[in-house]
Every structure is written in C-alpha cells, then in structure tokens.
Amino acid sequence: MATAIGRHKLLVILCAVALAALGAAAGAARKGTYTAATTLQVGKVNPNSSGFYGFVQSASDLAAVFSRAITAAPVLAAVHSQLGLAPVAAVTRLAAEPLPNSPAFRVIATGPTPRAAVSLANVTSNALIAYEAQANTYSPESQRMLDEYRNTSLTLAHANMQFSRVAQGYAAHRDSARRLALERAEASRATASLQVQALASGYQLSAQSTTTRDLISLLAGASTATSDRKSKIELLGFIGLLGGLVIGCAIALLYEQRRGTARSE
C-alpha cells in the first residue's frame with residue numbers, strides 16, 4: 001500500500017488539493033451566519049460585602065434560571081413588536097448561557113447580517129430585563145388594595161356630594177330631620193375618607209415590600225458580530241483535503257492492482 005502511494009504520490013496530492021479547493025469554494029459560496037452577544041448581571045455585586053461569596057453562589061443559580069426566560073412569551077412578543085421577527089424564528093436564533101461561577105449570563109443571537117444579529121441580541125436583552133422586572137414586582141395583594149382604593153375613592157366622592165346637598169338643605173330649613181340627615185352624611189363622608197387614607201398607606205407599604213429594582217441589569221450590550229464564514233471555509237476545505245487524500249490513495253491502489261494483474265497475464 002505504501003509503495004503504491006509512494007509511486008503515485010503526485011496523483012494523491014492532486015486529488016487532495018483539488019477536493020480541498022472544491023470544499024473551500026463551497027464554504028465561500030455559502031452565506032455566513034453572524035453572531036452577537038450581550039452580558040447581563042443578576043443583582044448588584046459588592047465585593048466588600050460580608051455576604052459576597054454567598055451572594056455570588058445564589059446569584060449564579062438565579063442567572064441560570066433567568067437565562068431560560070429568553071423564550072418567554074412576553075419577551076418574544078417584544079422582539080416581534082420591535083423587529084418584526086416571528087416568535088418561532090426568534091427561538092431558533094436565540095440562546096443563553098450562564099457564565100460559570102458568576103452572577104451573569106450571556107444572551108446570544110444569530111442573524112444573516114451583523115446588524116440583524118446585534119439588533120436581536122440587544123432587543124431581546126432589554127425585553128428580558130423588562131419582563132423579569134414586571135414578573136418580580138407584581139403582587140396580587142397590592143393589586144387588590146389598589147382596586148379597593150379606587151372604589152373607596154369613588155365612594156368618598158359621592159359622600160362629599162351627598163354631604164353638600166344635605167348641608168344646603170339644612171341651611172335653608174334648620175329642622176331636626178335635616179340635622180339628623182346632615183350628621184349621617186358627615187359620618188359617611190368621614191368613614192369613606194378614613195378608609196381611603198388607610199388603603200393608601202397599606203398600598204404604599206405593600207408596593208415597597210414587593211418592589212425589586214435592578215433585578216437584572218445590562219453589563220455589556222452588543223455592538224459587533226462575528227461571522228462563521230471563515231470557519232466554514234476552513235472546515236469544508238479540510239474535509240475536502242481528507243476526502244481527496246482518501247480518494248487519491250484508493251485510485252493509486254486500484255491502479256497498482258490493475259497494473260499487477262496486467263503483468264501477471
């Protein structure tokens with residue numbers, strides 16, 4: 001085998017070079033895919049804090065969880081609204097990976113052009129930040145108290161109007177019946193006012209206890225994109241080279257076998 005290849009090494013080399021060139025040409029003809037990435041951080045890191053290492057560990061776990069939210073429906077809806085990219089298409093072009101031993105993760109986007117990849121990475125990151133902020137600040141109790149505050153405010157407004165009408169009637173005719181009606185109207189107005197004040201204070205306390213600011217922040221946005229075109233050319237060229245070597249060796253062996261058969265005859 002080695003002898004046959006040695007005798008026809010020029011043939012083997014020509015086959016390898018020819019197929020390597022074909023492979024490289026095929027890679028160059030293919031459209032490249034561009035990749036852009038952003039880096040997001042969970043919480044705020046303070047290395048001087050006594051609980052720094054515990055925070056890093058817990059935030060690292062959160063980063064892994066939050067990174068999966070890039071395919072959440074509200075995030076994909078924001079991407080579709082801003083870029084016109086359908087959710088199904090966006091999912092195939094998005095990925096996320098937590099950074100090891102770090103409270104951060106990367107949002108990775110691909111596209112047919114550098115601009116498309118950069119835009120998708122940045123828009124998705126901003127949509128993810130907004131989505132997590134809303135998801136982690138929503139409180140059913142706060143919403144219930146807000147609804148009650150709105151209804152009680154309307155009740156107070158009606159009580160104020162009723163008190164004004166009764167007071168005008170009592171000013172015109174000061175009898176015991178109108179005086180009693182005025183006292184009842186005043187009591188209703190005072191009760192509604194007290195309820196409004198209590199609900200306002202309760203809502204503020206509830207909102208403060210559930211508000212989570214800067215849960216996720218953007219560390220580095222995407223400004224450039226890398227292309228896989230060079231790697232495709234190199235890969236297909238290398239595959240062509242290997243294939244050419246195999247084919248060239250096979251041709252050399254086949255030629256030697258036929259040559260030996262012809263001599264024996």
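The values are calculated or read from the model by the stated rules, or taken from the named source; none is laboratory data. Please read all numbers here as calculations on a predicted model, not as lab measurements. Ideal geometry is used to build each Cβ from the backbone, glycine not excepted, and the neighbour counts take in all protein chains shown.
So the values come out like this:
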item: Segment 157-176 residues that are closer than 17 Å to A192 by Cα, paired with ones that are among the acidic types (D, E) and assigned to a helix (DSSP H, G or I) (beta carbon under 8 Å, 6 or more apart); result: F163/E186
item: Criterion (touching a helix residue (DSSP H, G or I) at 6+ places or on another chain (Cβ under 8 Å) and either closer than 30 Å to G221 by Cβ or assigned to a loop (DSSP other than H, G, I, E, B) (or both)) met by exactly one of A192, A96; result: A96
item: Subset tally (residues that are modelled with pLDDT of 85 or more, under 24 Å from D147 (Cα atoms) and not hydrophobic (A, V, I, L, M, F, W, C)) for segment 159-207; result: 6
item: Condition check for T71: in contact with a helix residue (DSSP H, G or I) (Cβ under 7 Å, 6 or more places away or on another chain) and modelled with pLDDT of 90 or more; result: no
item: The lone exception for I233 - which of (1) modelled with pLDDT of 75 or more; (2) of a type in the set (V, I, T); (3) within 30 Å of T38 (Cα to Cα); (4) assigned to a helix (DSSP H, G or I) it fails; result: (1)
item: Residue list for segment 216-230, filter: modelled with pLDDT under 80 and either surrounded by 17 or more Cβ atoms within 10 Å (Cβ to Cβ) or of a type in the set (S, T, N, Q) (or both); result: I216, S227
item: Scan of segment 166-178 for residues that are exposed (fewer than 13 other Cβ atoms within 10 Å of the Cβ) and in a helix (DSSP H, G or I), ordered by number; result: Q168, A171, A172, S176, A177
item: T110 vs. criteria modelled with pLDDT of 90 or more and either over 30 Å from K31 (Cα atoms) or outside any loop (DSSP other than H, G, I, E, B) (or both); result: yes
